[in-house]
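The structure under discussion appears below in the form of structure tokens.
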Amino acid sequence: MHTFKPSHTLQRLPEQFFARLAGKVQQLTAEGHDLINLGQGNPDLPTPDHIVEELQGAATDPTYHKYSPFTGHRFLKEAIAQFYKREYDVDVDPDTEVAVLFGAKTGLVEISECLLNPGDTALLPDPGYPDYMSGIALANAKTAFMPLLEENGFLPDYGAIDSDTLDQAKLMFLNYPNNPTAGVANRSFFDETVQLGKKHDICIVHDFAYGAIGFDGKKPRSFLESAGAKEVGVEMYTLSKTYNMAGWRVGFAVGNPSVIKYLNLIQDHRYVSLFGAVQQAAAKALIGDQTAVNDLVETYERRRNVFINALNEIGWRVPMPKGSFFAWLPVPDGYTSEEFSEILIDRAHVVTAPGNGFGKSGEGYLRVGLLADEDVLLEAVRRIDELKLFE
Ligand SMILES: Cc1ncc(COP(=O)(O)O)c(C=O)c1O
């Protein structure tokens with residue numbers, strides 16, 4: 001069979017770091033081992049019933065069997081605006097400040113293609129969600145990394161970025177609550193970010209994928225709550241985590257009208273918007289009963305408490321995550337992230353994601369998803385304890 005050559009664009013795409021780990025998990029599972037896989041970020045609980053029922057009803061409506069309006073149904077954009085008003089007291093114009101997306105991932109990749117020319121620079125969190133780099137590679141642009149260090153609460157230190165880089169940068173990605181560090185942002189950090197964006201003409205993209213998941217009674221702040229945020233950027237939101245709808249592929253961008261226009265433009269050329277019935281169910285999720293969201297956050301908080309306390313009891317000193325559904329575990333001295341992750345897989349059959357897979361500054365950590373029942377999380381700790389690595 002003839003093998004065609006991929007385009008230069010495809011050849012620029014970064015390698016999938018976690019492919020090797022996934023291969024190993026597959027192999028061990030095929031060999032019959034009972035793995036506890038905490039290495040992924042796929043929500044384990046189902047979509048709330050009332051949202052599924054809304055889809056079931058809407059699926060029979062012949063209106064939705066036709067093409068959807070290119071930029072999405074207006075009722076969904078209105079629901080998004082209502083959601084932002086209710087949750088964050090932020091005013092969003094449904095016509096000019098909302099772009100409906102096939103999941104936040106789509107928008108996070110597209111935005112680089114929308115704003116960057118070849119050779120332009122984008123600022124990225126390190127460690128960070130790998131897909132930001134995919135869009136930058138497709139745009140043939142350059143990356144400049146902002147280390148997220150524990151001593152800075154996993155916030156970037158803007159003072160440490162050299163002024164040439166700041167002048168060259170056109171785009172900056174941020175993400176709080178953070179994947180993978182579980183750090184959260186505060187008001188002054190977002191205010192400072194708006195000022196930085198203004199001063200250096202950088203478009204700020206805040207990835208708010210874990211916006212609903214804050215612990216200890218602290219609701220994560222939206223970037224758009226900071227005065228002037230809409231002038232300098234957009235926020236990407238997804239229904240994947242808040243409503244356990246990762247498979248449904250519904251997300252949206254809100255904020256700066258010019259950026260929203262470009263996102264809609266690129267999508268006009270690539271897709272027709274989501275299945276109308278999915279849009280109706282998404283609107284129901286956003287403006288309907290929110291009890292399930294509160295329950296979900298309580299579930300993650302309980303899991304967090306059980307897991308982190310158990311780790312500390314066996315001698316693994318781990319701080320409490322403040323948001324997201326991840327825990328960011330410091331690797332004991334003498335091991336790299338990959339070495340320690342390998343030991344946990346091989347000898348305890350517990351799968352974690354080595355932190356260096358999310359960037360250089362992730363070295364020295366493992367990421368764990370709190371995406372299993374409490375008894376499974378406790379069993380993982382019990383298996384780790386048996387290795388007697390923390391005495
Ligand atoms: C930080 C972050 N951003 C974005 C996404 C993608 O979300 P979506 O399912 O809406 O594409 C994820 C999913 O894991 C994520 O962790």
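Just so it is clear, none of the values below were taken in a lab; they were calculated from the coordinates. Since we're looking at a predicted model, the values are computed, not measured. Reconstructed Cβ throughout: ideal geometry from the backbone, glycine too, with neighbour counts over all protein chains shown.
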Percent relative contact order for the chain, counting Cα pairs under 8 Å at least six residues apart, stands at 23
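Assigning unit charges at the beta carbon (Lys, Arg +1; Asp, Glu -1) and nothing else, what dipole magnitude in debye, to the nearest 20, does the chain show about its Cα centre? Display every interim value, and only then the final one.
Numbers: 35 positive and 53 negative charges, 159 e Å.
I would put it at about 760 debye.
If R0 is 35 Å, what FRET efficiency do you get for Leu378 and Val52 from their C-beta distance, rounded to 0.05?
Details: r = 30 Å, r/R0 = 0.86.
So the FRET efficiency works out to roughly 0.70.
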What distance in nm separates the two pseudo spin-label positions at Lys360 and Asn117, each 7 Å out from Cα along the beta-carbon direction? 2.8
For the chain, longest principal axis from Cα atoms; helix 104-115 axis from its Cα atoms; angle between them, nearest 10 degrees, is 60
With a Förster distance of 25 angstrom and the Cβ-Cβ distance between Asn152 and Asp201, calculated FRET efficiency to the nearest 0.05 equals 0.50
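What is the sum of charges, Lys and Arg at +1 and Asp and Glu at -1, for the other residues whose Cβ falls under 15 Å from the Cβ of Tyr64?
Details: positive: Lys66, Arg74, Lys284; negative: Glu54, Asp61.
Neighbourhood net charge equals +1.
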With Cα coordinates, the longest principal axis of the chain makes an angle with the long axis of helix 276-287, in degrees rounded to 10, of 70
Sequence-distant lysines (8 or more away, or on other chains) whose Cα lies within less than 19 Å of Lys198: Lys170, Lys230
Order of Asp167, Asp207 from fewest to most other C-beta atoms within 10 Å? Asp167, Asp207
How much net charge surrounds Thr238 when only other residues with a Cβ under 10 Å from its Cβ are counted (Lys, Arg +1; Asp, Glu -1)? +2
With each label point set 7 Å from Cα along the Cα-Cβ vector, what nm distance links Phe70 and Leu265? 1.2
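Using the Cα gyration tensor of the range 158-281, with a ≥ b ≥ c the square roots of its eigenvalues, what is the shape: rounded (a/c below 1.5), prolate (a/b larger than b/c) or oblate (neither)?
oblate
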Residue by residue, what Karplus-based ³J(HN,Hα) values in Hz, rounded to whole numbers, does the range 216-227 have, using 6.51, -1.76 and 1.60 with θ = phi - 60° and x for Gly and Pro? 6, x, 9, 7, x, 7, 7, 4, 5, 6, 7, 4
Relative to the longest principal Cα axis of the chain, at what angle does helix 49-58 sit, 0 to 90 degrees, rounded to 10? 40
What does the helix-only formula give at 222 nm for the chain: each DSSP H stretch with n ≥ 4 adding -39500 (n - 2.57), the total divided by the residues, and the result rounded to the nearest 500 deg cm²/dmol? -12500 deg cm²/dmol
In Hz, Karplus ³J(HN,Hα) per residue of the range 191-196 (6.51, -1.76, 1.60; θ = phi - 60°; x = Gly, Pro): 4, 5, 5, 4, 4, 5
Does the range 73-216 come out rounded, prolate or oblate by the C-alpha gyration tensor, with a ≥ b ≥ c the root eigenvalues, rounded set by a/c under 1.5 and, if not, prolate when a/b is larger than b/c and oblate if not? oblate
With an 8 Å Cα cut-off and a minimum separation of 6 or more residues, compute the relative contact order for the range 334-391 in percent. 31
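Kindly provide the Kirkwood hydrodynamic radius of the range 1-45 in Å, to one decimal, from all pairs of distinct alpha carbon atoms. Numbers along the way, then the final one.
On the way: mean 1/r = 0.0729 Å⁻¹.
Value: 13.7 Å, from the Cα pair sum.
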Counting DSSP beta bridges in the range 66-287, what percent are antiparallel, to the nearest 5? 35
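Arrange the following residues from fewest to most other Cβ atoms within 10 Å of their Cβ: Ile345, Ile314, Ile213.
Lowest to highest Cβ neighbour count: Ile314, Ile345, Ile213.
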What is the order of Lys66, Lys241, Lys322, fewest Cβ neighbours within 10 Å to most? Lys66, Lys322, Lys241
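Provide the net charge surrounding Pro156, with neighbours chosen by a C-beta distance below 12 Å and charges set as Lys +1, Arg +1, Asp -1, Glu -1. Walk me through the numbers on the way to the answer.
Values: positive: none; negative: Asp126, Asp157, Glu192.
Cβ neighbours under 12 Å give a net charge of -3.
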Once you sort the root eigenvalues of the Cα gyration tensor of the range 255-349 as a ≥ b ≥ c, which label holds: rounded (a/c under 1.5), prolate (a/b larger than b/c) or oblate (the other case)? prolate
The range 261-391 - percent relative contact order, Cα under 8 Å, separation 6 or more: 23
